[in-house]
1. For R84, state whether it is surrounded by fewer than 16 Cβ atoms within 10 Å (Cβ to Cβ) and either within 22 Å of I18 (Cβ to Cβ) or modelled with pLDDT of 95 or more (or both).
2. Among the residues of region 6-20, is any within 12 Å of the chain's Cα centre (by Cα), under 15 Å from G96 (Cα atoms) and surrounded by 11 or more Cβ atoms within 10 Å (Cβ to Cβ)?
3. Quick one: which residue in T42, T60 is in contact with a helix residue (DSSP H, G or I) (Cβ under 9 Å, 6 or more places away or on another chain), of a type in the set (V, I, T) and part of a loop (DSSP other than H, G, I, E, B)?
4. For residues that are under 12 Å from the mean Cα position of the chain (by Cα) and in a loop (DSSP other than H, G, I, E, B), scanning just region 87-117, find the one that is surrounded by the most Cβ atoms within 10 Å (Cβ to Cβ).
5. Counting just the residues of region 39-54 that are among the β-branched types (V, I, T) and surrounded by 15 or more Cβ atoms within 10 Å (Cβ to Cβ), which one comes out farthest from Y100 (Cα to Cα)?
6. Sort through S36, S57 and tell me the only one that's surrounded by 19 or more Cβ atoms within 10 Å (Cβ to Cβ) and either within 21 Å of Q12 (Cα to Cα) or out of contact with any Phe, Trp or Tyr (no Cβ under 8 Å at 6 or more places or on another chain) (or both).
Amino acid sequence: MISQLLRNNNRQRIHARIRRKMQGTAERPRLNVYRSLNQIYTQLIDDQSGTTLVAASSVTAKLKTGGNVAAAREVGKLIAEKAREKGIKKVVFDRGGYLYHGRIKALADAAREAGLDF
């Protein structure tokens, strides 16, 4: 339990450090990723106005299980489709302090393949 809390605190510190350097705009919003044990969530955020432009998750995609790489790929495709509908092509990728592998990498690769540029 304690190691889990420590790991999450470390992730939050890394995320804060990353967020100091990047900012989403209306032309190029921030693609934020949150990974829980059983689900994966993503949003396109305009930090200047403080609004969420588009959101997708394994919950809204109604996937049987959301805690695997296949679900992350589906969510990546879904967020890219929703972004295209809103006319968004370029984004800034915010991995949320997570290591860039596994579900995070699968989501990013699927979003790139579906048309997002980052």
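1. In short, yes.
2. First, the residues of region 6-20 that are within 12 Å of the chain's Cα centre (by Cα): none.
No, region 6-20 contains no residue that is within 12 Å of the chain's Cα centre (by Cα), under 15 Å from G96 (Cα atoms) and surrounded by 11 or more Cβ atoms within 10 Å (Cβ to Cβ).
3. Working: T42 fails: part of a loop (DSSP other than H, G, I, E, B).
Of T42, T60, the one residue that is in contact with a helix residue (DSSP H, G or I) (Cβ under 9 Å, 6 or more places away or on another chain), of a type in the set (V, I, T) and part of a loop (DSSP other than H, G, I, E, B) is T60.
4. V91
5. Only one residue tops the list, namely V54.
6. S57
Matching residues to (1) among the hydroxyl-bearing types (S, T, Y); (2) in contact (Cβ under 8 Å) with a residue 12 or more places away in the chain; (3) in contact with a Lys or Arg (Cβ under 6 Å, 6 or more places away or on another chain); (4) farther than 15 Å from A80 by Cβ:
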site: I14; (1), (2), (3), (4): no, yes, no, yes
site: R28; (1), (2), (3), (4): no, yes, yes, no
site: L31; (1), (2), (3), (4): no, yes, no, no
site: L44; (1), (2), (3), (4): no, yes, no, no
site: G50; (1), (2), (3), (4): no, no, no, yes
site: A55; (1), (2), (3), (4): no, yes, no, no
site: V59; (1), (2), (3), (4): no, yes, no, yes
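The values are calculated or read from the model by the stated rules, or taken from the named source; none is laboratory data. Please read all numbers here as calculations on a predicted model, not as lab measurements. Glycine gets a Cβ as well: all are built from the backbone with ideal geometry, and neighbour counts include every protein chain shown.
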